[in-house]
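Take a look at the structure set out below.
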Amino acid sequence: MKKLNWLFLLLLSVVFLTSCGEDEEEQSEENLGILGTWDLKSFQYSGSTQVDYGNGFVVGNPFVAEAINIDMSITFNDNNTYTTQGDYSIVIAPDIEDGDDLAITIDFQNFFESGNWRREGNELIFNENQLSGNEIGRSTIIELTQNRMVVELEYRQEETDPAQGITVISEVAGVYVVEKR
């Protein structure tokens, strides 16, 4: 469940990134369209998870997911910090015929995160925090108006557990829409 929280945070947070490397005047002009509080309106993604047991045996599962019961917002400040808060649920189903019959719903209540962000052109970058500078992910703004933003995300993570000899590979592609308050 923590990975789903992190994934949602990554997707939502990455939407609102702005430039850090420009002077203050240019940065403020570019940030004007992104700064403020935004409400998540929709979030859909698909992907796959594969487990490689290291002995030639690989199990993979494609899936589709959609956020429901959304009451989630994110606030981006001109000092390149952000805060997310709210509730939402994710419905995840196998991406197979009749997969809806196997769907599960995961609720995220009182979700809260904060960190730093920046923008490089249409690419949005989310960092854990200013001190670590660890980049968590990137996404692409595909539409930005005064009141609405649509963002595409592609994400790949590979984790290996040497003690058990398994590798888990997760790949996700999604789109989410936010509207400015």
Item to check | Amide H contacts of MET72 (H built 1.01 Å from N, under 5 Å, at least 5 apart or other chain) | outcome: LEU40, ASP87
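Where does each of 175-181, 142-148 land if you order them by average Cβ count within 10 Å, highest first?
175-181, 142-148
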Next on the checklist: Just to check I understand the Karplus step: with θ = phi - 60° and J = 6.51 cos²θ - 1.76 cosθ + 1.60, what whole-Hz values come out for region 163-169, glycine and proline as x?
Outcome noted: 5, 9, x, 10, 10, 10, 10
Checklist outcome for this item: Computed about the Cα centre, the charge dipole of region 33-181 from +1 Lys/Arg and -1 Asp/Glu charges at the Cβ has a magnitude in debye, to the nearest 20, of 680 debye
Item to check | In Hz, Karplus ³J(HN,Hα) per residue of region 43-60 (6.51, -1.76, 1.60; θ = phi - 60°; x = Gly, Pro) | outcome: 7, 10, 8, 9, x, 8, 10, 10, 10, 9, 7, x, 10, x, 9, 10, 10, x
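No value in this document is a laboratory result; all are computed from the given coordinates. This structure is a prediction, so every number in the text was calculated from the model and none was measured. No Cβ is skipped: glycine too gets one built from the backbone with ideal geometry, and neighbour counts run over all protein chains shown.
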